[in-house]
Amino acid sequence: MAPEAVTISFRLGGDDGVAVEARKWAGALRALGFTPRRIAGAIEGGGSPDDLVIPGLAIDPPEPLDEQTLRAALDGADLVVVDNLCSLPLNLDAARTIARIAAEQSGRVCFRHHDLPWQRRTLQHLESEFPPRVPGALHATINLRSRRELNARGYEDAVTIHNFFDLDPAPGDRDATRMGLGFANDELVLFHPARAIERKNVPGGLRFAARLGELVPDLRVHYWLSGPAEDGYGPTLGRILERAPVPVTMGRAAPADGYAACDLVAFPSTWEGFGNPVIESIAWRRPCVTGAYPVLAEILASGVRTFSAQRPKEVARFLAEPAEVRERYYDVNLRRARLSFDLADLPKAIDAAFTAYGWLAW
């Protein structure tokens, strides 16, 4: 009988970073012989019969957490992957309950960390409690910086398994997506694929768009924010958009369609646990303009390249290059990305981490 792996998080199935990466891990665990299933406060995008929604696990829970149901759902699992729920304790009751249940589990527990409490100003006071120090549990980060910070706090066996990507994705529908969002054929569309929260730095993206617009006067620059606003950022975003120096559209699209419809990817974040759009833009052959968030240096160490939001002239020159020059740039970036970020290598990376930790048999 195949061992069972349960992923538990605030929300799963959607297109936010944690949900996207949890989906990849589920596929990798299946390739390693596990039977995966999901438990979350909300499961978006259609579920499966094995999914369990416990509303009390949500970031903003509509009701108290049903601990009895949660315990029964985890009972007998061979592996429990706690995906960011105990890393950023946004739902403190859920995080504490999961920590307590994890310490009582007969199976193995992996705490997967996209972020950590001391990396958020509003959660720094919880760093002595989270992530929970559960005997025998494996702590896996998505970047080296977080692993070093865990090591410095006494989590000596933490590992890093960065995010991996499908580098041969199906193409999206450029024309239909642009038409549906009202973009004109002669507009230069900057796609900012992010929820609208403070650290995504929408003002920085708009300032870059305005500077670029001055350098490409023959094109009208149009800013596309996939949104929506979260974490109470709506009123602030409203004021920002009222003063926006370029036209702004907010609206969702499937990732393939989003990258197909745009001409340039804007990713001006001040902080990210990883920054998936950097590699996604490479997979879909689009130039990416980034802010200097700390973990970006780890991605660039692989040899891939982005453009700096502080250097719009370089972006303008690139856009003016002949098509064959731009295509060579995309080809080189993709070859380099394959060496470090190919989704086909994720099962091997997880298996190596489990083996090194002594999880040899299930």
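The values are calculated or read from the model by the stated rules, or taken from the named source; none is laboratory data. Not measured: the values here are computed from a predicted model. Note that each Cβ is placed from the backbone with ideal geometry, even for glycine, and that neighbours are counted across all protein chains shown. What goes into the accessible areas is simple: the full protein's heavy atoms, side chains included, and nothing from ligands, DNA or RNA. Shrake-Rupley method; radii C 1.70, N 1.55, O 1.52, S 1.80 Å.
Quick notes on this structure:
- Separation of alpha-carbon centers, segment 296-362 and segment 175-231, rounded to whole Å: 23 Å
- Ordered from largest to smallest accessible area (heavy atoms of protein chains, 1.4 Å probe), the residues 112, 30 come out as 30, 112.
- GNM result for the chain, Cα springs below 10 Å: residue of 32, 225, 346 fluctuating most strongly: 32
- Residue 351 accessible area, assembled protein chains, probe 1.4 Å, Å²: 70 Å²
- Summary of the geometry: segment 66-95 and segment 114-174, compared by the centres of their Cα atoms, lie 17 Å apart.
- Separation of segment 232-246 and segment 279-295, taken as the distance between their Cα centroids, equals 24 angstrom.
- Helix 323-341 and the long axis of the chain differ in direction by around 10°, with both axes built from C-alpha atoms.
- Over the chain, dividing the summed -39,500 (n - 2.57) contributions of all DSSP H runs of at least 4 residues by the number of residues returns a 222 nm mean residue ellipticity of -11000 deg cm²/dmol.
- Carbon and sulfur %, accessible surface of the chain computed with the full protein complex present, 1.4 Å: 51 percent
- Segment 55-158 shape via C-alpha gyration tensor axes, a/c threshold 1.5: oblate
- Solvent exposure, largest accessible area first (probe 1.4 Å, DNA, RNA and ligands not counted), of 200, 313: 313, 200
- Probe 1.4 Å, all protein chains present, accessible-area order of 96, 317, 286, largest first: 317, 96, 286
- Cα convex hull of segment 14-110, projected area averaged across orientations, nm²: 6.1 nm²
- Counting only Cα atoms, the chain measures 65, 42, 41 Å along its principal axes, largest extent leading.
- FRET efficiency, 1/(1 + (r/R0)^6) with R0 25 Å, evaluated for residue 50 and residue 252 via beta carbons: 0.40
- Accessible surface of residue 179 - all protein chains present, 1.4 Å probe, nearest 10 Å²: 150 Å²
- For the chain, accessible area per residue (1.4 Å probe, heavy atoms of protein chains only), Å²: 44 Å²
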